[in-house]
Amino acid sequence: YTPNDVFFVRWHLSGMPAAIDENKFRLSVSGHVKKELSLSLNDLKTKFKPSTFAALAACAGNARSFCDPRVPGGQWQNGGMGNALWTGVKVKDILDAAGMKPGAFDVAFNGMDEPPLPSVPDFIKSLRVDHAMDGEVMIAYEMNGEPLPLLNGFPLKLIVPGWYATYWIGMLNEIKVYPDTFKGYWMEKAYRVPK
């Protein structure tokens, strides 16, 4: 990097903690599971096998300014993407530890960022169980061999290789398993591709 390089980190919601006490932090796993979990960062680093791989995060709005007809949202040109080496725990291993009940269908992921107004929906994304369990979806606590930076989602970031970064939830602190389709605004209304 040079002193003139400029990097942007994209967040959907503006209410982000300025600091997180990693000794008090917990990742909760609940919903349609046999055993609810409350995992510390140390639990994730010591009780689960670590996984490391490179993956590209690309904003769904990358090159949006070139769309015709124009679409709403930040008018990105090219460059809304970044590649890194991620280290963490496979979501599969965490869900195996919780033990999903028969009929589990969707897995929803929520972070600590909060809406600026009560009328703005919380930013929660979901994956089908088979995708969450594919062995590639992971929860990272390191980026390029260093602890995950706060602006990149410290203490935990959901990594979904091959999927737009709208699914890469930062400051992840909640996983919830559903026996049916998760019906959140950011899944049912926003980020939909028109037919």
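When you go through (1) open to solvent by 80 Å² or more (accessible area, probe 1.4 Å); (2) more than 17 Å from Pro147 (Cβ to Cβ); (3) at pLDDT below 95; (4) not β-branched (Val, Ile, Thr) one by one for Phe53, which number turns out not to apply?
Single failed check for Phe53: (1).
For segment 1-21, which residues satisfy the criterion of being surrounded by 14 or more Cβ atoms within 10 Å (Cβ to Cβ) and modelled with pLDDT of 80 or more?
Residue satisfying the conditions is Ile20 alone.
Out of (1) within 25 Å of Leu56 (Cα to Cα); (2) outside any loop (DSSP other than H, G, I, E, B); (3) open to solvent by 60 Å² or more (accessible area, probe 1.4 Å), the odd one out for Trp163 is which?
It is condition (2) that Trp163 fails.
Quick check on segment 168-189: of everything there that is surrounded by fewer than 17 Cβ atoms within 10 Å (Cβ to Cβ) and either free of Cβ contacts under 8 Å to residues at least 12 places away in the same chain or acidic (Asp, Glu) (or both), which residue is farthest from Ile94 (Cα to Cα)?
Lys189
Can you run down the residue pairs with Cβ atoms below 6 Å, 6 or more apart or on separate chains, where the first is in segment 90-103 and within 18 Å of Trp168 (Cβ to Cβ) and the partner is crowded, with 17+ Cβ neighbours inside 10 Å?
From segment 90-103, the pairs are Lys90/Ser51; Lys90/Met138; Val91/Ala132; Val91/Val137; Lys92/Met133.
Kindly indicate which of Ile139, Ile94 is closer than 26 Å to Pro17 by Cα and assigned to a strand (DSSP E or B).
Answer to the selection: Ile139.
Looking at Trp186 and the list (1) in contact with a Ser or Thr (Cβ under 8 Å, 6 or more places away or on another chain); (2) at pLDDT 90 or above; (3) in a helix (DSSP H, G or I), which single condition is not satisfied?
That leaves (2) as the condition not met.
The values are calculated or read from the model by the stated rules, or taken from the named source; none is laboratory data. Keep in mind it's a predicted model, so treat the numbers as computed, not measured. Positions of Cβ are generated from backbone atoms using ideal geometry, with glycine treated the same way; all protein chains shown enter the neighbour counts. When the accessible area is computed, the model is the full protein with side chains, heavy atoms only, and any ligands, DNA or RNA have been set aside. Shrake-Rupley method; radii C 1.70, N 1.55, O 1.52, S 1.80 Å.
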